[in-house]
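J.: One structure coming up, written as structure tokens, with questions to follow.
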Amino acid sequence: MIRSTLIAAFLFSAAGLGIADDKKDAPKDVAKELKPFQGKWKVVKAVMKDQELPIGPLEMHFTFTGTKAEVSTKDGKQPGGEVTVNDKKDPAEIDLKGSDNTNTTSFGIYSFAKDGKLTLFFVKNGTRPTSFESAKFPDAILVVLEKVKE
């Protein structure tokens with residue numbers, strides 16, 4: 001539980017994000033660039049300070065519904081929030097915006113692998129990383145997600 005809270009806090013609390021909507025179906029008008037994110041994703045790898053975290057017992061998931069994201073573990077929901085992406089940049093950019101009126105945002109990058117996995121990379125200090133090289137960004141977290149087939 002401590003590791004899952006740490007991961008969620010690192011990714012989402014820095015942006016002051018609240019719990020995402022409980023609406024289960026993505027809106028029909030989801031922007032084209034957000035469509036690949038839609039659905040439930042299992043965390044299969046997490047790296048902080050250039051060290052892989054043991055995630056096996058976490059059973060941590062991200063769920064993207066429209067422009068909302070939430071994190072859940074076997075112990076319940078963690079904070080989530082509003083997602084925007086820019087797939088025209090290289091690397092592609094992802095922002096997680098607070099839903100608690102603090103107007104804080106975490107800036108990250110993402111990529112989809114050929115096998116369908118999604119990699120998210122955020123730096124704690126509020127700057128956007130320019131590559132997925134965690135050694136260059138000591139206050140960073142890299143999370144690899146795999147789509148859950150339901």
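Values in this text are rule-based calculations from the coordinates and carry no lab data. These figures come from a predicted structure and were not determined experimentally. Ideal geometry is used to build each Cβ from the backbone, glycine not excepted, and the neighbour counts take in all protein chains shown.
J.: Once you place label points 7 Å from the Cα toward the Cβ at Asn125 and Lys74, how far apart are they in nm?
T.: 3.7
J.: Taking θ as phi - 60°, what are the ³J(HN,Hα) couplings along region 81-87 by the Karplus curve (6.51, -1.76, 1.60), each to the nearest whole Hz, with x for Gly and Pro?
T.: For region 81-87, the Karplus curve yields x, 8, 10, 10, 9, 10, 7 Hz.
J.: Could you pull out which residues in region 61-87 have an amide N less than 19 Å from a spot 7 Å beyond the Cα of Glu150, following the Cα-Cβ vector?
T.: Within reach of a label on Glu150, which here means backbone N under 19 Å from a point 7 Å along Cα→Cβ, region 61-87 contributes 61-83.
J.: Viscosity 1.567 mPa s, temperature 4 °C: what is the translational diffusion coefficient of region 36-150 from Stokes-Einstein with a Kirkwood Rh over Cα pairs, rounded to a whole number of µm²/s?
T.: The estimated diffusion coefficient comes to 89 µm²/s.
J.: From the phi of every residue in region 46-52, what ³J(HN,Hα) in whole Hz does the Karplus formula 6.51 cos²θ - 1.76 cosθ + 1.60 yield, where θ is phi - 60° and glycine or proline is x?
T.: Rounded to whole hertz, the list is 9, 10, 10, 6, 6, 10, 6.
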